[in-house]
1. Go through the stretch 154-172 and give me each residue that's under 24 Å from ARG79 (Cβ atoms) and touching a residue at least 12 places away in the same chain (Cβ under 8 Å).
2. Of all residues in the stretch 56-81, count the ones that are touching a Ser or Thr at 6+ places or on another chain (Cβ under 8 Å) and either open to solvent by 30 Å² or more (accessible area, probe 1.4 Å) or modelled with pLDDT of 90 or more (or both).
3. Go through (1) more than 17 Å from GLU182 (Cβ to Cβ); (2) outside any helix (DSSP H, G or I) and name the single condition LEU129 misses.
4. Looking only at the stretch 87-105, decide whether some residue is of a type in the set (A, V, I, L, M), at pLDDT 90 or above and either open to solvent by 60 Å² or more (accessible area, probe 1.4 Å) or more than 27 Å from ALA61 (Cβ to Cβ) (or both).
5. Which one of these is free of Cβ contacts under 8 Å to residues at least 12 places away in the same chain and either crowded, with 19+ Cβ neighbours inside 10 Å or over 12 Å from the mean Cα position of the chain (by Cα) (or both): ALA53, ALA30, ALA39?
6. Please give the number of the condition ASN175 fails out of (1) closer than 26 Å to GLY73 by Cα; (2) open to solvent by less than 30 Å² (accessible area, probe 1.4 Å).
7. Check whether at least one residue in the stretch 4-22 is β-branched (Val, Ile, Thr), closer than 20 Å to LEU189 by Cα and either open to solvent by 40 Å² or more (accessible area, probe 1.4 Å) or in contact (Cβ under 8 Å) with a residue 24 or more places away in the chain (or both), and report yes or no.
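The values are calculated or read from the model by the stated rules, or taken from the named source; none is laboratory data. All values derive from a computational prediction rather than experimental measurement. Reconstructed Cβ throughout: ideal geometry from the backbone, glycine too, with neighbour counts over all protein chains shown. Ligands, DNA and RNA are stripped out before the accessible areas are found, and what is left, the full protein with its side chains, is counted by its heavy atoms. Shrake-Rupley method; radii C 1.70, N 1.55, O 1.52, S 1.80 Å.
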Amino acid sequence: MRGALALLLGMEADIEVVAQVSAGDAIVDAVLTHRPDVALLDIELPGMSGLDAAAELRGQAPDCRVLILTTFGRPGYLRRAMEAGAAGFLVKDGPVEELAEAVRRVLTGETVIDPALAAAALSAGPNPLTARECDVLKASVDGATVADIAARLHLSESTVRNYLSSAIGKTGTRNRMEAMREARQQGWL
């Protein structure tokens with residue numbers, strides 16, 4: 001998909017693709033090396049998420065505008081992208097002409113957001129989970145025990161249980177696996 005998008009965007013007379021990377025942890029170095037005006041990022045990438053990369057770019061390359069293009073059009077992801085400093089958020093199902101226009105608009109300083117996703121994000125409200133509840137849910141993703149999570153996060157087992165219980169309550173689910181699934185579905189993790 002990355003190569004096809006680069007090829008299509010490169011066919012635009014006023015857009016030059018200066019770099020492509022396959023892993024999130026290569027984004028910041030590529031931006032610092034090639035100095036693009038706009039970085040087009042996905043969310044779920046190996047090594048580092050596009051959201052984390054966007055936040056790092058805000059500090060290390062503030063002149064580079066970030067446009068998130070993803071399959072995962074979730075309200076929580078949109079909210080997190082904007083908090084990370086992204087200038088735009090689009091879902092991949094649109095035509096390439098709209099993407100090229102979004103790149104141009106972001107370059108001029110506009111914020112570009114998929115309208116349907118913006119409406120969904122407004123109605124969904126903010127992420128109810130605290131940062132620590134998110135950390136504990138993420139740490140439980142591989143079926144880790146409470147003891148494993150506690151050791152990994154340097155917390156007591158009772159604290160981990162409290163965070164898990166709180167996250168389960170806030171997501172309206174029955175157990176931590178359902179809570180994690182719901183939090184991912186909403187884009188909170």
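1. Within the stretch 154-172, the first condition is being under 24 Å from ARG79 (Cβ atoms), and the residues that meet it are 163-164, 166-172.
If the condition is that a residue be under 24 Å from ARG79 (Cβ atoms) and touching a residue at least 12 places away in the same chain (Cβ under 8 Å), then TYR163, LEU164, SER166, ALA167, LYS170, THR171 are the ones that fit.
2. Number satisfying all stated conditions: 0.
3. (1)
4. no
5. On the way: ALA53 fails: free of Cβ contacts under 8 Å to residues at least 12 places away in the same chain; ALA39 fails: free of Cβ contacts under 8 Å to residues at least 12 places away in the same chain.
Selected residue: ALA30, the only one of ALA53, ALA30, ALA39 that is free of Cβ contacts under 8 Å to residues at least 12 places away in the same chain and either crowded, with 19+ Cβ neighbours inside 10 Å or over 12 Å from the mean Cα position of the chain (by Cα) (or both).
6. (2)
7. Taking the stretch 4-22 and keeping what is β-branched (Val, Ile, Thr), we get 15, 17-18, 21.
After this cut, where a residue has to be closer than 20 Å to LEU189 by Cα as well, the list is none.
No, that holds for no residue.
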